[in-house]
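Undergrad: If you scroll down you'll find the structure; I have some questions about it.
Read-outs throughout are calculated quantities, based only on the coordinates presented, and are distinct from any laboratory measurement. Note that this is a predicted model, so its numbers are computed, not measured.
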Ligand code: EPU
């Protein structure tokens, strides 16, 4: 079925559309390929009053139940150079592009800036939503602007970087205005002259050991791909949603108190004076690294990643995932007095789960 040229599927299975491979259904799944048809769909009176939910490639999602109303999975493609001035290049990419394809493409064009964000799973449209970050770089460092449509009435709006409300794994799209916007396009500011970001200790050590000819942005990408492949499970073989908790920030007083009790505590000072603790370390110390309860576990190489070993028979539910995550959170709380905050988004939104 199509609606204003947008393909629509009724009672659609979302199992292949989330990397934890949880079974859940969308009442209606829309796969729009261009923003004009998408805007028309959002304005169509036949859909008025229906809940509207956006998903990308589902790499940061816990599907807790079936999703009522319209689930929109933007397929908007396209990558192009908009302008070039001195050594700066402004590029535009569609929300439906696979993030890592854009990273590889930009480096292939001789434009640097995205290499530290190599191999992050997911679609470009999801990148600003949670301000993806890795190895000392966040999307907000390279993003110029976001184009979005209002989920309520299909009207278009451009947000400059400063208007996006970016913070660590957070944005206005994820927090203050959750459920209000569908991101259609990103504009990214890249450079022709390398400005390598090697602040991350693991990366700096391995990079300096490379022959000089490989000490390039593409060399950084290769290293990061190696580091990620060694630690992080590939969702295609072991379903997961990346880091399941955020790294928690604590006051210097709480940090000092914890350090006195746990001399090996891993923490990084923040610009605002707080200390960011390594959630992976807390979870490992609480005994969860590589531990399974039924089909769910915390990964043996990176304790921050919750993995679903039972995806093949499809018996694990979103509720099971949330209950398991609560056990991990509770034991970290009991041992360290630190509250872990979940990183992936839970769908459907609380009000639509019949709760
Ligand atoms: N650590 C442990 N045990 C573990 C895992 C980590 O002790 O099982 C300690 C180690 O001391 C390590 C430190 O934690 O040095 C940091 O670990 P890692 O470098 O693996 O990074 P992370 O803080 O666990 C964050 C991001 C990742 C990102 C990496 C690299 C969050 C929630 N996660 O993980 O992002 O790839 O840094 O920059 O900020 C994601 O968001 O899905 C994700 C994978």
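Undergrad: Pick from 300, 205, 267: which is most flexible by mean-square fluctuation in a GNM of the chain where alpha carbon atoms under 10 Å apart are linked?
TA: The residue that fluctuates most here is 205.
Undergrad: A follow-up question, please. With the convex hull built on the Cα atoms of region 206-261, state its orientation-averaged projected area in nm².
TA: Value for region 206-261: 6.9 nm².
Undergrad: OK, next. Hey, how many Å between the Cα centroid of region 170-197 and the Cα centroid of region 66-109?
TA: Each part's Cα centre sits 11 Å from the other's.
Undergrad: Could you please state, rounded to a whole Å, how far the C-alpha centre of region 221-271 is from the C-alpha centre of region 1-65?
TA: 33 Å
Undergrad: While we're here: Viscosity 1.002 mPa s, temperature 20 °C: Stokes-Einstein D of the chain from its Kirkwood Cα radius, in µm² per second?
TA: For the chosen part, D equals 100 µm²/s.
Undergrad: Follow-up. Let me have the 222 nm mean residue ellipticity of the chain computed from DSSP H runs of 4+ only, each contributing -39500 (n - 2.57), with the sum over all residues rounded to the nearest 500.
TA: My calculation for the chain gives -7000 deg cm²/dmol from helical runs alone.
Undergrad: Please identify, among 84, 97, 212, the residue showing maximal mean-square fluctuation in a Gaussian network model of the chain using a 10 angstrom Cα cutoff.
TA: 212
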